[in-house]
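Everything below concerns the one structure shown next.
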Amino acid sequence: MSYPENYRYAKSHEWLLLDGDTATVGITDYAQESLGDIVFVELPKVGQEIEAGATFGSVESVKAVSDLYSPVSGTVTAINEALNGAPETINTAANETWIIKLAVKNAPADGLLSAAEYEKFVAEETGH
Amino acid sequence: MMADKFVGTPKKATTHVNQNEDLIFEKSSAGKKAYRLAQLDVPAVDTASLLGNTMRTDGLGVMPELSEIEIIRHFTRLSTWNYAIDLGMYPLGSCTMKYNPRINEAVARIEGLAEAHPYQPESLSQGALGIMKLLSECLIEITGMDTITLQPAAGAQGEFTGILMVRAYHEAKGNARKKIIIPDSAHGTNPATAAMCGYEVANLKSNALGMVDLAELERMVDEDVAALMLTNPSTIGVFESDIHKIADILHAKGALLYMDGANMNALCGKTRPGDFGVDVMHLNLHKTFSTPHGGGGPGSGPVACKKILEPFLPTPVVKTNADGSLRLDYNRPQSVGRVRAWYGNFGMFIRALAYILANGPDGLRQTTEDAVLNANYLRARLDGTFDLPFKSPSLHEVVFSDRLQARNGVKTGDMGKRLIDYGFHAYTVSFPMVVHGAMMIEPTESESREELDLLVDALKQIAREAEENPEVVQTAPHTTRIQRLDETTAARKPVLRWKAPA
């Protein structure tokens, strides 16, 4: 599994890429691996306001449905509609497959992890 | 197509029609029927002119046309592919797949009950109303609550009804509040219920023992919290020994305690939710009270509550007239309304009452003790073979994990499927989600020691296979008509309806 250095990570297993005021959010390689084959992604609407830590959608796999939590507060500026037809791209390329883009309202809260910290966190959580 | 059905001369004809049953639509031939009507002895009516523009002839699809014996064989063959509690053990954790006693069925088939109509006058329904009243009294006594509705059709609808009542209670006080707290070990229906009732879900993390973390709960409960939905014993089969304190923390802030009664089979006759601070709860008659479960049971999910919630019960409720006769009371201005057509799944009331009366208080207490003993027997015999993530004392079910077998690439789902080859239904796979690779086993009191030993032998053998020949487990089941289904494609590209080939 790989966790890009330029991303930041939430303990709820989303990654966040910040570029100025634009945030891009996806789920981590660990998250897609744990979920298994993803069959559906529930997306928010463009224009929706989201608070950090609040759910903005869900991912459904053959095993489970998991909520998606936003690592940052902001307004949704784009949703990855390609996921409606091809949710499996998250399984094949979790790091490259974004789910939403946000116009960031304020700086992300403390508690987001670096790639190394996230890797350590996952190792502790799974006990491997 | 026909030419391919029998190939070569195998010893065991695996292509026997029994193993290749078509859909009933595919068996249809136009004009075939399973009935012959007598000559029409009244004037024929032109349906088209009678129905006018409400007449529908399009979009009806194809209705299968078969003879009677073809229909009988079709469904009888399908039934032989099923697994059932009447065939063997069904250790599906959290589901309480206990035996459905035949006495229940005998009573439910008494003509006056089986043929009763929900709209027959109250004067002719006194027996049926009496059954509802007596069952209500028994369940109130068992739960220690003040009052009850039998209306909800099953557990999830019971939850929905209970939380609607919680909402109505808070609304009557002027503030519906915003949140429902739900532990991370909860059944998935709990957060679904909260969301359906317009509440936000606040997730409560379990502590290292798999129990409610009191300090965390205390931190979360404020005047915005409407209720905590708690399963007790929890989904890992452990009794929340601090339940009194949990109730006190909630009540101090005006919030209510909802108990998911899915695991009541561990409490019945031993302790009462009403006595340990629960305000509202549902029961699953199809779990604890032995009515049929799954495959169209149907279920039944009565909701019992304390006096403070009584005005909000669904309408109607059974009341006693001055002369001792019974009636249905619809005059309930604060009620959450009707949640189910008629009065609930009445057939299940009869069966549950038959079970309660056949066992009596001591019998019910013993079923609880036996259910707990059976789960602990399995725990003692399988500890070491499988990883036991929580060491807290088990009640009616035990949760292992696949940690030891996963080292060889054998997962909980693989072992569940392999268990089918040994003649058992699978245990519950990958639930509760607080345990990675969960294997949740609930034997119920129905199983004898001999049957439990068979299950233990099968599971130990599977653990050995996971060490020595993982592939045989990873590709199981091997003895069923269909092996592994492509669940991913089924979910991504579902075919929901048969269409006639063009």
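The values are calculated or read from the model by the stated rules, or taken from the named source; none is laboratory data. Source: prediction; values computed, not measured. Every residue, glycine among them, receives a Cβ derived from its backbone with ideal geometry; neighbour counts consider all protein chains shown.
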Give the residue that is nearest to the other protein chains (Cβ to nearest Cβ), with candidates limited to residues of segment A:68-77 that are within 14 Å of the chain's Cα centre (by Cα) and farther than 15 Å from B:ASN203 by Cβ.
A:SER70
Under 8 Å between Cβ atoms, which residue pairs at least 6 apart in sequence (or on different chains) link something in segment B:45-73 that is under 20 Å from B:ILE24 (Cβ atoms) and in contact (Cβ under 8 Å) with a residue 60 or more places away in the chain with a partner that is loosely packed, with under 10 Cβ neighbours inside 10 Å and of a type in the set (A, V, I, L, M, F, W, C)?
B:VAL62/B:ALA500
Go through segment B:440-462 and count every residue that is touching a residue at least 60 places away in the same chain (Cβ under 8 Å) and either not in a helix (DSSP H, G or I) or not assigned by TED's automatic domain parsing to the domain that holds B:ALA406 (or both).
8
Name the single residue, out of those in segment A:45-67 being among the polar types (S, T, N, Q) and under 30 Å from B:THR489 (Cβ atoms), that is farthest from the other protein chains (Cβ to nearest Cβ).
A:SER58
Identify, from the list B:VAL336, B:VAL318, the residue that is under 27 Å from B:ALA106 (Cα atoms) and over 21 Å from the mean Cα position of the chain (by Cα).
B:VAL318
Considering residues that are touching a strand residue (DSSP E or B) at 6+ places or on another chain (Cβ under 8 Å), over 16 Å from B:ARG418 (Cβ atoms) and hydrophobic (A, V, I, L, M, F, W, C), the number found within segment B:441-475 is 0
Tally, over segment B:158-187, of residues that are in a loop (DSSP other than H, G, I, E, B) and either surrounded by 14 or more Cβ atoms within 10 Å (Cβ to Cβ) or not assigned by TED's automatic domain parsing to the domain that holds B:CYS305 (or both)
6
Could you tell me how many of the residues in segment A:78-87 are surrounded by 17 or more Cβ atoms within 10 Å (Cβ to Cβ) and either on the phi > 0 side of the Ramachandran plot or within 14 Å of another protein chain (Cβ to nearest Cβ) (or both)?
2
Among the residues of segment B:371-394, what is the count of those that are in a loop (DSSP other than H, G, I, E, B) and at pLDDT 95 or above?
3
Conditions first: (1) at pLDDT below 95; (2) touching an Asp or Glu at 6+ places or on another chain (Cβ under 9 Å). B:ASN265 passes all but one, so which condition is the exception?
(1)
Can you tell me which condition B:GLY363 does not meet? The list is (1) in contact (Cβ under 8 Å) with a residue 12 or more places away in the chain; (2) farther than 19 Å from B:GLY237 by Cβ, and all the others hold.
(1)
Flagged in segment B:432-454 as within 12 Å of chain A (Cβ to nearest Cβ), out of contact with any helix residue (DSSP H, G or I) (no Cβ under 9 Å at 6 or more places or on another chain) and surrounded by fewer than 21 Cβ atoms within 10 Å (Cβ to Cβ), in numbering order, are B:MET433, B:VAL434
Condition first: basic (Lys, Arg) and either within 14 Å of another protein chain (Cβ to nearest Cβ) or not in a loop (DSSP other than H, G, I, E, B) (or both). Now tell me which residues in segment B:463-502 satisfy that.
B:ARG464, B:ARG484, B:ARG492, B:LYS493
Within segment B:410-429, can you find the residues that are within 14 Å of chain A (Cβ to nearest Cβ), in contact with a helix residue (DSSP H, G or I) (Cβ under 6 Å, 6 or more places away or on another chain) and not in a helix (DSSP H, G or I)?
B:VAL429
Say whether the condition of being assigned to a strand (DSSP E or B), under 13 Å from the mean Cα position of the chain (by Cα) and under 21 Å from A:PRO108 (Cβ atoms) is met by at least one residue in segment A:27-42.
yes
